[in-house]
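**Student:** Before we start, here is the structure in question, set down as structure tokens.
The values are calculated or read from the model by the stated rules, or taken from the named source; none is laboratory data. Just so you know, these numbers come straight off a predicted model, no measurement behind them. Backbone-built Cβ (ideal geometry, glycine too); neighbour counts: all protein chains shown. To get the accessible areas, we keep the full protein, side chains included, count just its heavy atoms, and leave off ligands, DNA and RNA. Shrake-Rupley method; radii C 1.70, N 1.55, O 1.52, S 1.80 Å.
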Amino acid sequence: MTAGFIKHQSLFQPGETMDNLVGAVTRRGLAVFLRLDHAAAAIQAGLDLRPTQLLVFGRAEGGTPLMQANQTIGVDLPLRALVWCDPADRTWIGYDDPLWLAARHGLTEGDPRHAAEALSLLVETCVLQAAGTDPSKPSGAF
């Protein structure tokens with residue numbers, strides 16, 4: 001386990017999980033900056049890699065207050081989530097917890113802490129919906 005990294009198993013295949021995640025973040029007004037297919041890049045290089053995609057997303061209203069408190073957190077923003085398929089063909093979705101990122105940059109009190117808490121809840125909600133494991137939404141609701 002990597003410190004600060006949260007992962008959930010998805011009920012869907014990797015591509016569908018990523019599509020669900022894109023839908024979940026955009027419905028909440030977050031911008032998708034990049035959807036990177038690591039496996040496709042590996043194939044272009046003549047290499048093999050199980051399905052692995054990275055989503056870079058965020059919104060200035062969420063990240064800027066954290067950067068105003070300590071600009072070094074900008075190295076970890078915008079937020080990122082990874083969807084991958086393990087050797088047993090299980091699909092996973094994971095991300096660095098914004099609370100862990102904030103603590104890494106010394107933002108553990110006051111408004112920056114509250115901003116990180118809100119981001120953490122937002123990302124967790126999006127991830128659980130993308131994985132089909134959010135108890136408030138039925139599986140396959142996308």
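**Student:** Among the residues of segment 88-105, which ones are of a type in the set (D, E, K, R) and free of Cβ contacts under 8 Å to residues at least 60 places away in the same chain?
**Tutor:** First, pick out the residues of segment 88-105 that are of a type in the set (D, E, K, R): 89-90, 96-97, 104.
Of everything in segment 88-105, just one residue is of a type in the set (D, E, K, R) and free of Cβ contacts under 8 Å to residues at least 60 places away in the same chain, namely Asp89.
**Student:** Right, another one. When you check Val56 against the structure, is it touching a Phe, Trp or Tyr at 6+ places or on another chain (Cβ under 6 Å), open to solvent by less than 30 Å² (accessible area, probe 1.4 Å), within 25 Å of Asp134 (Cα to Cα) and outside any loop (DSSP other than H, G, I, E, B), yes or no? Before the answer, list the steps.
**Tutor:** Details: touching a Phe, Trp or Tyr at 6+ places or on another chain (Cβ under 6 Å): yes; open to solvent by less than 30 Å² (accessible area, probe 1.4 Å): yes; within 25 Å of Asp134 (Cα to Cα): yes; outside any loop (DSSP other than H, G, I, E, B): yes.
The answer is yes for Val56.
**Student:** May I pose another question? If you go through segment 115-122 one residue at a time, do you hit one that is in a strand (DSSP E or B) and at pLDDT 95 or above? Let's see the steps before the verdict.
**Tutor:** Residues of segment 115-122 that are in a strand (DSSP E or B), as a first pass: none.
No, segment 115-122 contains no residue that is in a strand (DSSP E or B) and at pLDDT 95 or above.
**Student:** I need every pair where a residue in segment 106-126 that is without any contact (Cβ under 8 Å) to a residue 24 or more places away in the chain has its Cβ under 9 Å from the Cβ of a residue that is open to solvent by 60 Å² or more (accessible area, probe 1.4 Å), sequence separation at least 6 or different chains.
**Tutor:** Every condition considered, the pairs that remain are Ser120/Trp100.
**Student:** Can you name the residue in segment 17-28 that is in contact (Cβ under 8 Å) with a residue 12 or more places away in the chain and open to solvent by 50 Å² or more (accessible area, probe 1.4 Å) and is also farthest from Ala103 (Cα to Cα) among such residues? Walk me through it before giving the result.
**Tutor:** Of all residues in segment 17-28, those in contact (Cβ under 8 Å) with a residue 12 or more places away in the chain come to 17-25, 28.
Keeping just the survivors that are open to solvent by 50 Å² or more (accessible area, probe 1.4 Å) gives 19, 28.
Numbers: Asp19: 30, Arg28: 25 Å.
Looking at the filtered set, the residue picked out is Asp19.
**Student:** Can you tell me which condition Ala31 does not meet? The list is (1) more than 14 Å from the chain's Cα centre (by Cα); (2) over 15 Å from Ala130 (Cα atoms), and all the others hold.
**Tutor:** (1)
**Student:** Can you run down the residue pairs with Cβ atoms below 7 Å, 6 or more apart or on separate chains, where the first is in segment 34-50 and within 18 Å of Thr91 (Cβ to Cβ) and the partner is among the aromatic types (Phe, Trp, Tyr) and surrounded by 10 or more Cβ atoms within 10 Å (Cβ to Cβ)?
**Tutor:** From residues that are within 18 Å of Thr91 (Cβ to Cβ), the pairs are Arg50/Trp84.
**Student:** Tell me, yes or no, whether segment 91-102 has at least one residue that is in contact with an Asp or Glu (Cβ under 9 Å, 6 or more places away or on another chain), open to solvent by 20 Å² or more (accessible area, probe 1.4 Å) and assigned to a helix (DSSP H, G or I).
**Tutor:** Residues of segment 91-102 in contact with an Asp or Glu (Cβ under 9 Å, 6 or more places away or on another chain): 91-92, 95-99, 101-102.
With open to solvent by 20 Å² or more (accessible area, probe 1.4 Å) added as a condition, the list becomes 92, 96-97, 99.
Then drop every residue that is not assigned to a helix (DSSP H, G or I), which leaves 99.
Looking through segment 91-102, at least one residue is in contact with an Asp or Glu (Cβ under 9 Å, 6 or more places away or on another chain), open to solvent by 20 Å² or more (accessible area, probe 1.4 Å) and assigned to a helix (DSSP H, G or I).
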